[in-house]
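*Asks:* Let me begin by handing over the structure; questions about it come next.
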Amino acid sequence: MVSVKRQGRPVVIIHNRVSKSNSELPLPNGGNCVVRPDSNPQFDTSTVRLCFSSPVHLESTIEYNMATQTPHKSWTSTPLHINPDDYVIQHERASSDRLQVPVTLIRHKSISLASHIGTCERRR
């Protein structure tokens, strides 16, 4: 298992030593998260635990079955009174001189970002 970044987002790649093939694990929230390995209670197992967090999820632990590459169990904690499904996480790039700066935007699904862009530009 290898955890890498692709265009600023995490990707977890599983290498099958028998078939010599690589595949990616599906990540929660469309990959809008931070990934870190977690400890397994058993050493001789075909599962691996990964922890995920995002701006709208405090921490989730997902146990993946490495043989089938599917989630087996999961535990999630979220801030009180917040439904993560009500929010959208967007990754954009803002221009600054000659640089492209990555920006993470979090908004409620009911708010249209397009309707506020003109307002922000007029204030400049």
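The values are calculated or read from the model by the stated rules, or taken from the named source; none is laboratory data. A quick note: this is a predicted structure, and the numbers were derived from the prediction, not measured. Accessible surface is based on the protein model in full, side chains and every heavy atom, while ligands, DNA and RNA are left aside. Shrake-Rupley method; radii C 1.70, N 1.55, O 1.52, S 1.80 Å.
*Asks:* Keeping all protein chains in the complex and leaving out DNA, RNA and ligands, what accessible area do you get for residue 25 with a 1.4 Å probe, in Å² to the nearest 10?
*Replies:* 10
*Asks:* Moving on. List, in order, the whole-Hz ³J(HN,Hα) value for each residue of the stretch 15-20 obtained from phi through the Karplus relation with A = 6.51, B = -1.76, C = 1.60 and θ = phi - 60°; use x for Gly and Pro.
*Replies:* 9, 8, 5, 6, 8, 6
*Asks:* By how many degrees, between 0 and 90 and to the nearest 10, does the Cα long axis of helix 113-123 differ from the longest principal axis of the chain?
*Replies:* 40
*Asks:* I've got another one for you. At 222 nm, what value in deg cm²/dmol follows for the chain if DSSP H runs of at least 4 each add -39500 (n - 2.57) and the sum is divided by all its residues, to the nearest 500? The partial results should precede the final answer.
*Replies:* Details: 1 runs with 11 residues, N = 124.
It lands at -2500 deg cm²/dmol.
*Asks:* Going by amide H atoms built from the backbone, whose H comes under 5 Å of the H on residue 59, apart from near neighbours?
*Replies:* 77
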